[in-house]
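Worksheet: one structure, shown below.
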Amino acid sequence: MTTMRQHTSAGAVVTTDVDHPRVLLLDQVRVTGQRQTVAPKGRLEPGESPLAAALREVTEEAGLCDLAYAGYLGQDHYAFTDNDGQPAAKTVDWFLLTTDDPTTSILAGEGFTAARWVDLDQAADVATHPGFAVYLDRASDLLAWRRSTPVPHSRFLDRLVRQAASEASAILADQPGAGVAVCGSGARGDFVNGWSDLDLIGYGLPSEPPTADTRTAALAEALTTMATDLSRQSGVKVSIRCADRHGRDLTCGDSLRSRKLQVALSRIGVDVAVIAGATSPDLHEPDPREPASDSGDRVRVQRDDLIALRDFATAKLTEPAEGDATQRDRIRRTLSAAGSTARIVAANLDPRTPLRLPTVASLLRTRWAGNPMSPVLDGYDAFRRDGARDLQQIAALAERVPDAIDALIALTSSGASSSHATPAG
């Protein structure tokens, strides 16, 4: 039996300004004679991350150099006929990139004949790859979110992600199977300057004795030091949690953070983007040293996580606020607990659902009409969309977080599933 060829690629939805976005599309004639209109994309080179490949392909195929990373749009999977007529399968990681200079220079050597900038709402009709429409829709949602205030794309995020990618690649250069990915708002495309943190995960670090313990600890420490240095240089909190090849959390911390790491690992290719090293975690079988867990254990873990987040939010709200900076951090951490709670529940309801706040609020509202968490998420999203400016208004919203988390704990514990369920409290 012949094994189907597997290709790993990356591409980009490249857009211009937020107010009147246009998308870059390329006309191409393949070696088979087939004519198509596509977005820039191509195969990863050895040792190259999907983000690096996407940036390189846009520059090579369209001549654009003034590019900025703006977010991750997800991973496509499809079968196709290769240039030699043989069947093949491909994965494509799609990124949202922006540019202030739309001047293009076509790479004719690969059959490209023209580059054109198409209005975003017309691009799906022009592009010939039917699956591309999904990623255009996601880009459109992100641009609409930023356009409403507006909140410009963050060039600061672009610089921070690229620096993290470069340094992580150097640290993991001799570690095949290991990588670093960006998650949270830095991947979802709704990063807000002055408010958002940059969250990273490392994965695939060596776990086999006898040298693994020393080598793994050194790699995890190097990645943690990288994040600490980036925080100090940028003024943005940059954090990283690391997992070995069994998916075990290598970073000292509590069970809640370990659980969030596991969720992030499972969402690579959904809304977590690889920026350095291996394209995805090739996790080995569970470590035999770890006890097996059943579905009941997982339910208890989720309930314990939600309780921990409620207690964290309650503790934050009772901390003394000494000055605007302390008050801002207290509110930010409390609302972050609300977002984490809602996302844990949403991912449990639908493991592939996007985890941006509007989507999560809608999913919870559909599941439990009248639940108090959805309005909290709506208000928090509006605050972020407004550039995270009105701290007094959002302070009142933060006070509602512990009760909203309590309501979700009650709903998930009771197993209520009707869209007309009334939340406790």
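The values are calculated or read from the model by the stated rules, or taken from the named source; none is laboratory data. Please read all numbers here as calculations on a predicted model, not as lab measurements. For neighbour counting, all protein chains shown are included, and Cβ atoms are generated from backbone atoms with ideal geometry for every residue, glycine included.
Quick notes on this structure:
- Asp329 being of a type in the set (Asp, Glu), under 22 Å from Asp254 (Cβ atoms) and assigned to a helix (DSSP H, G or I): yes
- Against the list (1) surrounded by fewer than 21 Cβ atoms within 10 Å (Cβ to Cβ); (2) over 17 Å from the mean Cα position of the chain (by Cα); (3) under 30 Å from Arg389 (Cα atoms), the condition Val192 fails is (2).
- Gln175, sole failed condition from (1) more than 30 Å from Leu357 (Cβ to Cβ); (2) assigned to a helix (DSSP H, G or I): (2)
- Among the candidates Ala398, Ala407, Ala416, residue that is under 13 Å from Val345 (Cβ atoms) and modelled with pLDDT of 95 or more: Ala407
- Within the option set Thr353, Thr359, Thr366, being farther than 28 Å from Gly194 by Cα and surrounded by fewer than 22 Cβ atoms within 10 Å (Cβ to Cβ) holds for one residue only, Thr366.
- Every condition in (1) free of Cβ contacts under 8 Å to residues at least 60 places away in the same chain; (2) at negative phi; (3) loosely packed, with under 13 Cβ neighbours inside 10 Å is met by Gly85 except one, and the failing one is (2).
- Candidates Thr37, Thr91: the one that is touching a Lys or Arg at 6+ places or on another chain (Cβ under 9 Å), in contact (Cβ under 8 Å) with a residue 60 or more places away in the chain and part of a strand (DSSP E or B) is Thr37.
- Residue ranges of helices (runs of 4 or more DSSP H) in the range 335-418 with at least 3 members farther than 26 Å from Pro320 by Cα and of a type in the set (Gly, Ala, Ser): 401-414
- Unmet requirement for Asp305, which otherwise passes all of (1) of a type outside the set (Ser, Thr, Tyr); (2) at pLDDT 80 or above; (3) more than 24 Å from the chain's Cα centre (by Cα); (4) surrounded by 14 or more Cβ atoms within 10 Å (Cβ to Cβ): (3)
- The range 351-391: number of residues that are modelled with pLDDT of 90 or more and either in the same structural domain as Gln75 (by TED's automatic domain parsing) or hydrophobic (A, V, I, L, M, F, W, C) (or both): 13
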